[in-house]
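Enquirer: Input: one structure, supplied below.
Any read-out appearing in this document is the output of simple, stated calculations on the displayed coordinates, not a laboratory observation. Computed from a predicted structure; not experimentally measured. Cβ sites come from the backbone with ideal geometry, for glycine too, and all protein chains shown count toward neighbours.
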Amino acid sequence: MPCLRPHAHSTSPLELGVLALITAVSALLCVHSLAARTFWFDEGVSVAIARLDWSNFVRILWRREANMSLYYLLLHFWLHLGNSEFFVRTLSIVFALATIPVLYLLGRRLFDSGVGLIAAALLATNAYFVRYSQEARSYTLMLFLCVLSSLYFLKCLEDPSRRNRIVYILINALAVYAHFFAGLLVLTLLLSLHFMDRQHIPEVTRKDWRWITLAVSPIAVFVVITGAGPLRWIKRPGAKELWDLALRLTGNGGWLLLTAYAAACLAALIPVARLAAKRVSRDVWRYRFLLLWLFFPVLLTVAVSFARPLFLPRYFFFCLPALVLLAASGLARLRSAWLLAPTFLFFFALSLRGTASYYQQDFDLQRDDWRAASRYLLTNARPGDALLFHIAMGRMPYEYYHSLLGIAPSDPVVLYPHHADRITFLDFVEKPDYSQLKRSLPQHQRVWLVLSQVEGSSGPDAVASSLESLLRSDYAGAEQRNFPGLQVLLYSRMKK
């Protein structure tokens with residue numbers, strides 16, 4: 001017998017209407033205040049990579065930024081249509097909105113249409129979902145592909161046709177190229193088969209995993225070559241980080257919304273707990289599948305982080321669908337409309353409150369204000385000024401805002417990082433050449449220094465200290481302006 005319940009009927013016009021309404025509400029939430037926030041460091045890097053010519057694009061991916069490579073490729077073409085903050089971020093909204101109907105289909109295949117619609121509504125109003133739909137990074141692309149991968153995983157179990165298997169292999173490979181952590185979902189899908197009776201697992205499934213492994217093998221080579229260098233700034237997680245992850249996944253609604261989600265998930269799980277010993281039970285397997293999706297990536301990463309810290313809450317954004325599906329299943333157990341309606345409205349109100357709070361203030365990072373810092377620097381620069389960045393890739397968000405504000409004769413000359421008239425892959429990875437800087441600086445009466453990621457640190461790092469020491473030998477500090485996450489310093493040559 002099939003281990004999963006095939007959907008018995010096509011989506012009704014009423015269900016389509018409700019799904020369209022949910023998607024429309026999500027679109028409004030995602031678009032609201034879309035350009036109100038500045039691009040932060042990572043978003044500026046996204047645009048800079050996407051703007052590179054093909055030679056430099058391939059080199060920077062191979063040298064350092066292979067993670068999210070699929071997103072950078074799509075963004076490269078997206079930028080031909082527009083480059084405003086609003087437009088650049090709409091690419092993420094496209095994938096966010098595409099996720100909602102796919103999640104509905106996944107919920108319908110695992111449970112029924114009611115669970116699919118409730119899960120879609122919970123996702124659409126979740127503050128964490130809205131927050132990353134407004135970011136020029138790959139998180140919603142990863143989310144979309146992970147949900148689609150799970151849907152085709154179930155399809156292949158029920159109908160392992162050549163078409164379904166090819167699509168499934170392709171989606172899994174693309175998901176890992178969208179974000180390396182999507183590989184944890186691939187492992188989750190494989191692990192979930194352990195809880196299924198072997199007679200319900202198609203023989204050709206093993207071949208699928210071999211093809212997926214082959215498709216993502218370049219990523220394995222990249223990780224071996226580069227190691228964890230790009231992630232060495234991540235700290236080892238503790239109880240606080242796990243608590244923060246729970247608060248974020250449940251939608252920035254504090255302990256009240258977290259408790260509501262926990263209660264809904266328990267309502268889904270408790271009735272099937274007595275069936276847990278039945279290995280082939282469809283009811284048991286689908287819940288085990290969702291629990292694995294929600295917890296396995298987190299727990300594995302925590303374990304690995306004792307040796308090499310890799311835990312960052314946003315990397316587990318792809319676990320959000322499992323949470324809302326579990327909660328939706330619990331809510332759907334309230335068969336009476338008199339109970340379901342007020343309970344869902346309670347979730348809806350708390351979720352909207354969490355989203356409204358996000359519109360007022362970020363809840364998962366301290367955003368560095370490159371918009372204000374770049375505008376200040378370019379407004380106050382004079383012809384002949386020089387410009388240094390303490391972190392090489394700090395040049396990238398500056399160059400984005402420089403392109404929006406336009407080129408002017410007073411624009412400062414970038415001395416570090418700098419290799420050519422246009423940005424190259426070396427400008428992302430270059431270390432300061434202090435001897436070269438010492439030869440170049442005498443040509444400039446004034447020098448701007450931009451220090452990034454300095455708030456809350458114990459003091460300047462080695463590069464910042466060396467650059468400041470180099471400048472103080474011939475320049476006096478004339479001005480300092482602080483912005484969120486940034487310091488802009490102006491040095492003027494001392495009179496002799």
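Enquirer: Work out, step by step, the length gained on full extension between residue 161 and residue 55: first 0.36 nm times the residue separation, then minus their alpha carbon distance; give nm to one decimal.
Expert: 34.3 nm is the gain from fully extending residue 161 to residue 55.
Enquirer: So if I take the centroid of the Cα atoms in region 406-431 and the same for region 151-218, what is the distance between those two points in Å?
Expert: Spelled out, the Cα-based centre of one part sits 44 Å from the other.
Enquirer: Pull up the cross-link candidates among the aspartates and glutamates for residue 240, meaning alpha carbon to alpha carbon under 20 Å and not fewer than 8 places away within one chain.
Expert: Filter leaves 362, 364.
Enquirer: Placing unit charges on C-beta atoms (Lys and Arg positive, Asp and Glu negative, everything else neutral), compute the dipole magnitude of the chain about its Cα centre in debye, rounded to 20.
Expert: 940 debye
Enquirer: State the extension gain, in nm to one decimal, for the chain segment bounded by residue 333 and residue 232, taking 0.36 nm per residue of separation less the distance between their alpha-carbons.
Expert: Difference between extended and current length: 31.9 nm.
Enquirer: Put +1 on the Cβ of each Lys and Arg and -1 on the Cβ of each Asp and Glu in the chain; which of 22, 58, 306 then has its Cα farthest toward the positive end of the dipole?
Expert: Final value for the positive-end residue is 306.
Enquirer: Oh, and also: For residue 308 and residue 80, compute 0.36 nm times the residue count separating them, minus their Cα-Cα distance, and round to one decimal in nm.
Expert: 78.2 nm
Enquirer: Among 423-430, 402-409, 118-125, how do they line up from the highest to the lowest mean number of other beta-carbon atoms within 10 Å?
Expert: Put in order of decreasing packing, that is 118-125, 423-430, 402-409.
Enquirer: Right, here's the next one. Along the charge dipole of the chain, Cβ charges K/R +1 and D/E -1, which of 327, 425, 122 sits furthest on the positive end?
Expert: About the Cα centre, the residue reaching furthest to the positive side is 327.
Enquirer: Here's something else I'd like to know. In deg cm²/dmol and to the nearest 500, what is the mean residue ellipticity at 222 nm of the chain if only DSSP H runs of at least 4 residues count, each as -39500 (n - 2.57), divided by the residue total?
Expert: Taking each H run of at least 4 residues, the total per residue is -19000 deg cm²/dmol.
Enquirer: Suppose every K and R has +1 on its Cβ and every D and E has -1 on its Cβ; what is the size of the dipole of region 370-493 about the Cα centre, in Debye to the nearest 20?
Expert: 220 debye
Enquirer: Okay, moving on. Put +1 on the Cβ of every Lys and Arg and -1 on every Asp and Glu Cβ in region 370-493; which of 397, 490, 372 then has its Cα farthest towards the positive end of the dipole?
Expert: The Cα lying farthest towards the positive end belongs to 490.
Enquirer: Checking the a/c ratio against 1.5 first, then a/b against b/c, what shape does the Cα gyration tensor give for region 370-493?
Expert: Rounded.
Enquirer: Moving on. Starting with the highest mean, order 166-177, 294-305 by the number of other Cβ atoms within 10 Å, averaged over the residues of each peptide.
Expert: The packing order, highest mean first, is 166-177, 294-305.
Enquirer: Simple spin-label model, 7 Å along Cα-to-Cβ: residue 243 to residue 405 in nm?
Expert: It works out to 4.1 nm between the two label points.
Enquirer: Grab the beta carbon distance between residue 27 and residue 170, set R0 = 25 Å, and tell me the FRET efficiency rounded to 0.05.
Expert: My answer for the efficiency is 0.35.
Enquirer: Between residue 376 and residue 209, what's the calculated FRET efficiency when r is the beta-carbon distance and R0 is 56 Å? Round to 0.05.
Expert: Calculated transfer efficiency: 0.60.
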